[in-house]
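Engineer: Would you mind keeping the following structure in view while I ask a few things?
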2 protein chains.
Amino acid sequence: MQISSQFIEKYTDFLTKKKLNQSPKKLYEPVNYILSIGGKRMRPQLVLWGCYCFDDNWERALPVAHGVEVFHNFTLVHDDIMDEAPLRRGKSTVHHKFDTNTAILSGDVMLLLSYDYLFEVEKGKYFKKLFPVFNKIAIEVCEGQQYDMDFETMNKVTVKEYLKMIELKTAALLGGAIRLGAIVGGAKQRDAKLIEQFARWMGVAFQIQDDVLDSFGDPKKFGKKVGGDIVQNKKTLLYLTALKESKGSQRKELLALYSGETEDEKSKINRVKEIFKDLKVVETAQKFQNDYIVKAYQQLEKVNAPKSRKDALRNWAEQLVVREV
Amino acid sequence: MQISSQFIEKYTDFLTKKKLNQSPKKLYEPVNYILSIGGKRMRPQLVLWGCYCFDDNWERALPVAHGVEVFHNFTLVHDDIMDEAPLRRGKSTVHHKFDTNTAILSGDVMLLLSYDYLFEVEKGKYFKKLFPVFNKIAIEVCEGQQYDMDFETMNKVTVKEYLKMIELKTAALLGGAIRLGAIVGGAKQRDAKLIEQFARWMGVAFQIQDDVLDSFGDPKKFGKKVGGDIVQNKKTLLYLTALKESKGSQRKELLALYSGETEDEKSKINRVKEIFKDLKVVETAQKFQNDYIVKAYQQLEKVNAPKSRKDALRNWAEQLVVREV
């Protein structure tokens, strides 16, 4: 069995064992609920990859994998309130299934629990090393979410600002996950930082890829409604690049399409995509994506760990990359 | 200068130095705001008392005092959203002054920051000891808030359940504060636990006192509108005791007064207070309060610390007790 399949299998077992049964039920039920509705378990896998690169006994990092997954799900619960999202992974969001107060408080307790899981590895043996890395990244994730909300009402957002936002909101935790695993695996600080940077750059690349797929992905493979970002006037890399490249009447049209809500979603999506194609923004975005991937692999190259394991990690990451749309 | 005045002075200085100036502004401004609007700084004082009982150099515990205060204010920000409270300490609550999303996210970052402050003492020297105590209590506070919300819609709440709820929601953090300070002061585990139990029982006593003052306090001294709990149909110790003691038509009347919202607040408050007086519920509540204070002082007695410091702590606590209403 491939190592990444083993990671998922063992983590799924661990998650089942960690199901919460204590009182008050209304506080802990939503925690079990959000953790049960799945997702790709990217972050737990990254934690275990981090440990595996430096130590055979990667199962020791399972509590950290769980801590990071619980933290990630806490951010989803609170973000879904802020975004007024009714659905997550095709299921009701916590504030929709229960109510907003429950989602706030259950989210809070998830954040607290995530620290407990980090502490759990060998009775707190690694906690003094794990904590500063984890907390710095947790704060970055909050900052990223704030920038994302700020951008909604800002007239001018630069590509640089956008890249920084997705780095904080999404990529930081991917980098943090693998670094925390590496710490448990006994990595030297230099190597833990390098492998973090690898996953962080990959994280930025994946977010750019998500932006591209949201507008140009194959609906069957993508699993979401194509064009959602366009309908919501989201300032993605595609839009920001288009705005930068467009001139005259085209620029006016793009701004008009992105002002307020449209009545005819389908024709808006089509028209925006035509402009995007005309300005070759997908090519620009894919160039950004590729540059981040190259930088990421360069970091991984420098990590002092067995080549076979680094290759396995690189192959695993590579099969998540979509280069053609 | 009295030692408790020194605690407040030094903590106020510390707080000023900790004002946050980083970006994004919308995330950190509300943190500065809620911390600036005051309160009695009970929890920072308790942290410093805890350290002072075991060590002359109590200023070392200032970062922990701040961590606990930031955590407490995080709970206020999120609780005020859940309670839809427009005012806190006579000023706008965070979700009213800014908005709900800001209050959720700024609250989250406050919780994260509180751990950073705990870590700050001598570069994490005490963190492995401080963390499990802090996290256990932080989870208790969330559980207490959930029980409090549950009680709103429950038909039957017992006095025992109520006392447990206020212990978790309010008293646990007071106990935790002094214990964390004691840990930094070098207290043995036995003494840190005893001094925690002292502050925890005092905390329950203070909450019972608050319940009594809310209905029977002198409006000039109390600083809040008298009768607020009655108007809101809150299941306080007074109400639960009255419900237990009342019979027949009086019980029916009490239940009727507490069902739904009333149009004439003043007459409702007066009628409920008459029933409370008739059933001597204040006397019952004060007996509970006194029992908790006696138990608290017994714990303090057993703490292995200089008698002069324990006496100063007891005197400080005693002057917060209101025995006559």
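A short reminder: the numbers here are calculations on the coordinates, not readings from a lab. Bear in mind the structure is a predicted one, so any value in this text is a computation, not a measurement. We place every Cβ from the backbone using ideal geometry, glycine too, and count neighbours over all the protein chains shown.
Engineer: Restricting to Cα pairs below 8 Å that are 6+ residues apart, what does the relative contact order work out to for the stretch B:16-127? Please round to a whole percent.
Structural biologist: Details: 122 pairs, mean separation 33.0, N = 112.
Relative contact order for the stretch B:16-127 comes out at 29 percent.
Engineer: Along the stretch B:124-129, what does the Karplus equation 6.51 cos²θ - 1.76 cosθ + 1.60 (θ = phi - 60°) give for ³J(HN,Hα), rounded to whole Hz, x for Gly and Pro?
Structural biologist: With coefficients 6.51, -1.76 and 1.60, one gets x, 3, 9, 4, 5, 8 Hz.
Engineer: Among the listed pairs B:Lys128/B:Lys287; B:Lys18/B:Lys125; A:Lys268/A:Lys295, which have their C-alpha atoms separated by more than 29 angstrom in this model? Provide the component values of the computation, followed by the final result.
Structural biologist: Details: B:Lys128/B:Lys287 40 Å; B:Lys18/B:Lys125 20 Å; A:Lys268/A:Lys295 36 Å.
Check vs 29 Å cut-off fails for B:Lys128/B:Lys287; A:Lys268/A:Lys295.
Engineer: Still on this structure, please answer the following. Treating only the Cβ atoms of Lys and Arg (+1) and Asp and Glu (-1) as charged, compute the dipole magnitude of chain A about its Cα centre; round to the nearest 20 debye.
Structural biologist: Numbers: 52 positive and 44 negative charges, 154 e Å.
It works out to roughly 740 debye.
Engineer: Would you mind computing, in nm to one decimal, how far apart the modelled labels at A:Lys225 and A:Asn32 are, each placed 7 Å from Cα along Cα→Cβ?
Structural biologist: Once both label points are built, they end up 3.3 nm from each other.
Engineer: Expressed in nm to one decimal, what extension gain is obtained for the pair A:Ala85 and A:Lys277 from 0.36 nm per residue of sequence separation less their Cα-Cα distance? Write down the numbers at each step before the final one.
Structural biologist: Details: separation 192, 0.36 × 192 = 69.12 nm, distance 2.94 nm.
Contour length minus the Cα-Cα distance gives 66.2 nm.
Engineer: A further question on this structure: How do B:29-37, A:113-121 rank on mean C-beta neighbours within 10 Å, highest first? Before the final figure, lay out the partial values.
Structural biologist: Numbers: B:29-37: 18.8, A:113-121: 21.7.
Ranking, from highest mean packing down: A:113-121, B:29-37.
Engineer: Setting aside same-chain residues fewer than 8 positions from B:Lys164, which aspartates and glutamates have a Cα under 18 Å from its Cα?
Structural biologist: Hits, sequence-local ones excluded: B:Glu140, B:Glu143, B:Asp148, B:Asp150, B:Glu152, B:Glu196, B:Asp210, B:Asp211, B:Asp291.
Engineer: At 222 nm, what value in deg cm²/dmol follows for chain A if DSSP H runs of at least 4 each add -39500 (n - 2.57) and the sum is divided by all its residues, to the nearest 500?
Structural biologist: Details: 17 runs with 235 residues, N = 325.
Taking each H run of at least 4 residues, the total per residue is -23500 deg cm²/dmol.
Engineer: Is the stretch A:198-240 rounded, prolate or oblate when judged by the Cα gyration tensor, a ≥ b ≥ c being the square roots of its eigenvalues, rounded requiring a/c under 1.5 and prolate requiring a/b larger than b/c?
Structural biologist: On the way: a/c = 2.92, a/b = 1.35, b/c = 2.16.
Oblate, since a/c reaches 1.5 and b/c is not below a/b.
Engineer: For the protein assembly as shown, treating each Cα as an identical point scatterer without solvent, what Debye log10 I(q)/I(0) comes out at q = 0.06, 0.09, 0.10, 0.11 1/Å?
Structural biologist: Values returned for q = 0.06, 0.09, 0.10, 0.11 Å⁻¹ are -0.39, -0.83, -0.99, -1.14.
Engineer: Using +1 at the C-beta of Lys and Arg and -1 at the C-beta of Asp and Glu, which of B:Leu111, B:Cys53, B:Gly38 has the Cα lying farthest in the positive direction of the dipole of the stretch B:16-127?
Structural biologist: Of the listed residues, the answer is B:Gly38.
Engineer: Would you tell me the mean number of C-beta atoms belonging to other protein chains that fall within 10 Å of each C-beta in A:99-112, as a whole number? Can you show the working numbers first?
Structural biologist: Values: counts 2, 4, 9, 3, 1, 10, 9, 2, 5, 12, 7, 1, 6, 11.
Counting other chains' Cβ atoms within 10 Å and averaging over A:99-112 gives 6.
Engineer: Shielding by partners for B:271-284, please: the mean number of other protein chain Cβ atoms within 10 Å of each residue's Cβ.
Structural biologist: On the way: counts 0, 0, 0, 0, 0, 0, 0, 0, 0, 0, 0, 0, 0, 0.
If you average over the peptide's residues, the count of other-chain Cβ atoms is 0.
Engineer: Sort B:His96, B:His66 so the one with the fewest other Cβ atoms within 10 Å of its own Cβ comes first.
Structural biologist: Result, fewest neighbours first: B:His96, B:His66.
Engineer: Return the aspartates and glutamates within reach of A:Lys123: Cα separation strictly under 18 angstrom, same-chain partners fewer than 8 residues apart disregarded; answer none if there are no such residues.
Structural biologist: Cross-link targets: A:Glu59.
Engineer: May I ask which residue of A:Gln146, B:Ala205, B:Leu243 lies farthest towards the positive end of the charge dipole of the protein assembly as shown, with charges of +1 (Lys, Arg) and -1 (Asp, Glu) on Cβ and the Cα centre as origin?
Structural biologist: My answer, from the dipole projection, is B:Ala205.
Engineer: If I histogram all Cα-Cα distances within the stretch A:210-325 using bins 10 Å wide from 0, what percent of pairs lands in each bin?
Structural biologist: 12, 38, 26, 15, 7, 1
Engineer: For A:Glu301 and B:Lys136, what does the FRET efficiency come to when R0 = 45 Å and r is the distance between their Cβ atoms, rounded to the nearest 0.05?
Structural biologist: 0.55
Engineer: If you don't mind, another one. When you take every Cα atom in chain B, what is the radius of gyration, and what is Dmax, the widest Cα pair distance, in Å?
Structural biologist: 20.4, 64
Engineer: Now for a different question. Using label points projected 7 Å from each Cα along Cα→Cβ, tell me how many nm separate A:Gln232 and B:Asp218, to one decimal.
Structural biologist: Each label point is offset 7 Å from its Cα along the Cβ direction, giving 5.7 nm.
Engineer: Near B:Lys169, which lysines are there with a Cα under 17 Å away, not counting those fewer than 8 places off in the same chain?
Structural biologist: Answer for B:Lys169, where 17 Å is the Cα cut-off: A:Lys25, A:Lys26, B:Lys136, B:Lys160, B:Lys234, B:Lys235, listed by chain and number.
Engineer: Another one. Against the 2.2 N^0.38 Å scaling, with N counting residues, where does the stretch B:16-127 land? I'd like the Cα-based Rg ratio to two decimal places.
Structural biologist: On the way: Rg = 14.6 Å, N = 112, 2.2 N^0.38 = 13.2 Å.
Compactness ratio reported: 1.11.
Engineer: Students often get this wrong, so check it: of A:Lys224/A:Lys302; B:Lys129/B:Lys310; B:Lys220/B:Lys302, which have C-alpha atoms separated by over 26 Å? Could you put the intermediate results ahead of the total?
Structural biologist: Details: A:Lys224/A:Lys302 37 Å; B:Lys129/B:Lys310 23 Å; B:Lys220/B:Lys302 38 Å.
The answer is A:Lys224/A:Lys302; B:Lys220/B:Lys302.
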